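Below: the structure, in structure tokens.
The values are calculated or read from the model by the stated rules, or taken from the named source; none is laboratory data. In this text the structure is predicted, and so the values were computed from the model without any measurement. Note that each Cβ is placed from the backbone with ideal geometry, even for glycine, and that neighbours are counted across all protein chains shown. For accessibility, only protein heavy atoms count, side chains too; no ligands or nucleic acids. Shrake-Rupley method; radii C 1.70, N 1.55, O 1.52, S 1.80 Å.
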Amino acid sequence: MAYQVNDSSKVEALYLADPVDPFGAVEPAPYPRPGTPNVDVRLAVEPVAGGKATFIEWDRARYPYLTHVAWQKGGPLTLIVATRDQKDLSLLVADPSTGTTHELVHEHDDAWVNLGFEYTWLEDGSGFLWASERSGFWQLELHATDGKLVRALTAPELGFRSVVHVDLPAGKLVVAAGSEPVDGGLYEVALADGKSTMISDPKVVT
């Protein structure tokens with residue numbers, strides 16, 4: 001069992017009035033303004049039956065934001081962490097017995113890395129799907145178990161949005177995509193070569 005531990009004791013307390021009840025009692029609330037200490041976040045793993053907790057270690061000074069934790073079928077315990085300025089994001093794989101981690105994927109943007117990612121581990125453990133804006137457009141990628149990029153599965157112009165279904169025995173997946181914000185459709189994509197075929201009307205799925 002993996003769980004998050006938060007410590008907000010060093011976060012500045014601000015008094016914020018409730019706009020619905022501006023004359024009501026105002027209680028202090030922790031609020032990390034820019035440049036002030038943030039909430040200290042840790043991730044722990046503990047046997048379901050009880051026992052000693054193992055804390056997962058990463059460079060929390062550089063990556064204070066724990067944005068996502070997954071322990072999917074066929075895959076290891078993984079976590080996604082980000083810098084406070086949100087210019088760097090790292091997908092880490094963790095060893096629950098030792099607490100050690102190593103990086104699978106790193107994303108960087110000089111302006112901003114969006115956290116609207118898509119991450120799915122293939123159930124046979126052969127790799128994982130990862131969405132990236134590295135090219136300037138959202139694209140779905142297939143990565144090996146060590147994080148190495150195998151291939152991009154969707155072209156930039158397809159306008160990838162999300163994974164709808166994975167049919168591993170058939171070597172195919174269904175994704176929602178659309179080149180325009182007002183349009184969207186379902187596409188069947190081959191894992192072997194990324195060849196895509198539209199399987200719905202482009203204006204059915206938005």
Requested in this report: Answer yes if at least one residue in the range 17-34 is open to solvent by 50 Å² or more (accessible area, probe 1.4 Å) and within 30 Å of T145 (Cβ to Cβ), and no otherwise.
Outcome: no
Within the range 166-175, restricting to residues that are in a strand (DSSP E or B) and out of contact with any Phe, Trp or Tyr (no Cβ under 8 Å at 6 or more places or on another chain), the one that is most open to solvent (accessible area, probe 1.4 Å) is K172
Filtering strands (runs of 3 or more DSSP E) wholly in the range 39-113 for at least 3 residues that are of a type outside the set (A, V, I, L, M) and closer than 24 Å to G125 by Cβ gives 101-108
Listed by first then second residue, the pairs whose first member lies in the range 149-160 and is closer than 16 Å to E188 by Cβ and basic (K, R), whose partner is open to solvent by less than 70 Å² (accessible area, probe 1.4 Å) and in a helix (DSSP H, G or I), with beta carbons under 8 Å and at least 6 positions apart or on separate chains, are none
The number of residues in the range 177-204 that are small (G, A, S), assigned to a strand (DSSP E or B) and at pLDDT below 95 is 3
Taking the range 73-83 and keeping residues loosely packed, with under 15 Cβ neighbours inside 10 Å and out of contact with any Asp or Glu (no Cβ under 7 Å at 6 or more places or on another chain) leaves none
Among E103, E157, the single one that is surrounded by fewer than 16 Cβ atoms within 10 Å (Cβ to Cβ), in contact with a Ser or Thr (Cβ under 7 Å, 6 or more places away or on another chain), of a type in the set (D, E, K, R) and within 20 Å of A70 (Cβ to Cβ) is E103
Residue set A144, A190; condition of a type in the set (A, V, I, L, M, F, W, C), open to solvent by less than 80 Å² (accessible area, probe 1.4 Å) and farther than 29 Å from A2 by Cβ; output residue A190
